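Trainee: This structure is in structure tokens; I'll ask about it shortly.
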Amino acid sequence: MEVYNLLRFGGPDGELGASMRYLSQRYTMPYKECTAVLTDIGTEELAHLEIVCAIIYQLTKNMSMEQLKESGLSAYYVDHTGGLWPQSAGGVPWTANEIQSTGDALTDLNEDLAADGTIL
């Protein structure tokens, strides 16, 4: 079962980072129309996060210990059992250090485009 890559939902370019990035940047956007768009996109990214979490839970809820070992998820489940924990595919927990909000609209939008381009 290839669920390990789904655990990226918390990585630097995952859904959690995307939602926080857009929702944080909206406050310094100089145009109210763009502020509204950033709010909408940030909210949509939170919905994506919920979908990814539901998929991970459904795929892993009845896995045996042998299946966890075969899939490479045993180390994750030692720490979190059935709980979903946002982390990168490399196992690094999500932190706010993984998002950018500079206060400069052009810089922030370019960073958003770059981050969204890496999501599979």
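Every read-out reported here was derived from the displayed coordinates using simple, explicitly stated rules and does not represent laboratory data. Everything numeric here is computed off the predicted structure, so don't read it as measured data. Every residue, glycine among them, receives a Cβ derived from its backbone with ideal geometry; neighbour counts consider all protein chains shown.
Trainee: Report the FRET efficiency, 1/(1 + (r/R0)^6), for GLU70 and ASN97, where r is their Cβ-Cβ distance and R0 is 25 Å, rounded to 0.05.
Mentor: FRET efficiency, GLU70 to ASN97: 0.15.
Trainee: For Cα pairs less than 8 Å apart in space and 6+ apart in sequence, what is the mean separation divided by the residue count of the chain, i.e. the relative contact order in percent?
Mentor: 43
Trainee: Would you work out which of ILE41, ALA54, THR107 lies farthest towards the positive end of the dipole of the chain, given +1 charges on the beta-carbon of Lys and Arg and -1 on that of Asp and Glu, about the Cα centre?
Mentor: It is ALA54.
Trainee: What label, among (i) 14, 49, 31, 5, 1; (ii) 12, 34, 22, 12, 9, 7, 3, 0; (iii) 14, 41, 26, 14, 5, 0, belongs to P(r) over Cα pairs in 10 Å bins from 0, in percent computed from the structure on display?
Mentor: For P(r) over Cα pairs in 10 Å bins from 0, in percent, the calculated option is (iii).
Trainee: In addition: Just to check I understand the Karplus step: with θ = phi - 60° and J = 6.51 cos²θ - 1.76 cosθ + 1.60, what whole-Hz values come out for the stretch 78-92, glycine and proline as x?
Mentor: 4, 7, 10, 6, x, x, 8, 10, x, 8, 6, 4, x, x, 7
Trainee: Using helices alone, what [θ] at 222 nm do you get for the chain, with -39,500 (n - 2.57) per DSSP H run of 4 or more residues, divided over all residues and rounded to the nearest 500?
Mentor: -17500 deg cm²/dmol
Trainee: Can you give the FRET efficiency to the nearest 0.05 for ASN110 and ASN62, using r as the Cβ-Cβ distance and R₀ = 41 Å?
Mentor: With a Förster radius of 41 Å, E is 0.40.
Trainee: How many nm is it between the label spots at HIS48 and TYR27, if each spot is 7 Å from the Cα in line with the beta carbon?
Mentor: 2.3
Trainee: Indicate the helices, whole DSSP H runs only, in the chain that combine a mean Kyte-Doolittle hydropathy of 0.0 or more with a Cα extent along their long axis of 18 angstrom or more.
Mentor: Span-like helices here: 32-60.
Trainee: Collect residues whose amide H, placed 1.01 Å from N in the peptide plane, falls under 5 Å from the amide H of GLN87; neighbours closer than 5 in sequence don't count.
Mentor: It is PHE9, GLY10, GLY11, TRP94, by chain and number.
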